[in-house]
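> Provided herewith is a single structure, encoded as structure tokens, for subsequent inquiry.
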Amino acid sequence: MKTKIIAHRGASRYAPENTMPAFQLANEMKANGIETDVQLTKDNIPVLIHDENVRRTTNGTGFVQDYTLQELEQLDAGAWFSETYANTPIVTLKKLLEWISPQSLQLNLEFKNNIIDYKHLENIVYEMVKEYGLLERTVFSSFNDRSIKRMQRIDPNAQTAFLTSNKMRGLTSFVQSIGASGVHVKYRVLTPQLVEECQAKNIDLRVYTVNRPAHMVRCYKLGCTAIFTDVPDIARKQRESIPA
Ligand code: G3P
Ligand code: MG
């Protein structure tokens with residue numbers, strides 16, 4: 001199986017991360033899937049934003065959880081990136097699901113709940129994905145292992161993945177123990193041994209954030225399940241250059 005290319009926060013090198021232009025561009029660049037980060041507003045609406053604080057990627061200040069959706073939608077999530085994208089709004093999960101439904105893209109929803117452990121985040125997101133009939137092509141991931149366990153309780157068949165940026169002894173056993181079907185690791189964690197272990201235990205191994213061509217080629221040759229990249233166009237070009 002060819003290593004899949006997942007656009008990290010959309011095609012985030014070319015458009016503001018986690019916005020519709022970044023997702024649309026990823027689709028145009030023929031990524032296999034999209035990764036995005038999910039948090040909850042004050043009124044419990046899932047929205048797509050990486051940081052707990054809106055400061056870095058919008059013209060606002062303060063925490064996502066302290067904004068209602070209506071307040072959050074007034075913010076500009078594009079101008080920080082470039083003038084071209086001024087007035088680009090923050091995206092709700094519902095809007096993404098509506099858009100992605102007719103596309104053939106895979107989806108990775110990363111619960112951003114390792115700093116603020118939002119109550120009911122998993123339930124709210126799961127129900128929405130189910131309503132849109134997208135469970136089969138969605139992977140739910142988190143750095144928070146309690147969140148993975150909660151997902152398992154909601155639906156033991158849901159595809160889940162544990163995220164880590166650290167080299168952990170016994171990583172694959174840990175992944176199995178929490179019932180995750182995959183592991184998403186930072187590039188520096190990747191070793192041929194980890195690939196072998198994951199293959200032997202039937203664990204999907206996806207690697208982030210792979211933006212250098214040489215690193216992409218290494219992931220492809222090792223047989224990783226997928227890479228997350230900000231540059232899906234370059235990732236495709238590199239993948240095509242590898243003999244089948
Ligand atoms: O889900 C892969 C990757 O997005 C995890 O790190 O900080 O970019 O959300 P981060
Ligand atoms: Mg992420």
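> Can you compute the modelled spin-label distance between ASP155 and ILE115, with each label point 7 Å from Cα toward Cβ, in nm?
2.9 nm
> Percent antiparallel among DSSP beta bridges with both residues in region 11-190, to the nearest 5?
25 percent
> Here is a follow-up. When the Kirkwood radius is taken over all Cα pairs of region 174-221, what Stokes-Einstein diffusion coefficient follows at 25 °C and 0.890 mPa s, in µm²/s?
For these conditions, the coefficient is 218 µm²/s.
> May I pose another question? Using Stokes-Einstein with the Kirkwood hydrodynamic radius over Cα pairs, what translational diffusion coefficient do you get for region 54-160 at 25 °C and a viscosity of 0.890 mPa s, in µm²/s rounded to a whole number?
160 µm²/s
> Give me the number: length gained by fully extending TYR132 to ASP66, i.e. 0.36 nm times residue separation minus the C-alpha to C-alpha distance, one decimal in nm.
This chain segment gains 21.0 nm when fully extended.
> Here's a follow-up. Could you grab the Rg to Rh ratio for region 117-244? Cα atoms only, Kirkwood for Rh.
0.99
> Provide, for q = 0.09, 0.15, 0.17 Å⁻¹, the log10 of I(q)/I(0) from a solvent-free Debye sum over equal Cα point scatterers in the chain.
-0.36, -1.04, -1.32
> If you bin every alpha carbon distance in region 1-81 into 5 Å steps from zero, what whole percent lands in each bin?
3, 16, 24, 22, 16, 11, 5, 2, 1
> Would you calculate, for the chain, the mean residue ellipticity at 222 nm contributed by helices, counting each DSSP H stretch of 4 or more residues as -39,500 (n - 2.57) and dividing by all residues, to the nearest 500?
-9000 deg cm²/dmol
Read-outs: derived from the displayed coordinates by stated rules, not from any lab. As the structure is a prediction and not an experimental result, all values here were calculated from the model. Ideal geometry is used to build each Cβ from the backbone, glycine not excepted, and the neighbour counts take in all protein chains shown.
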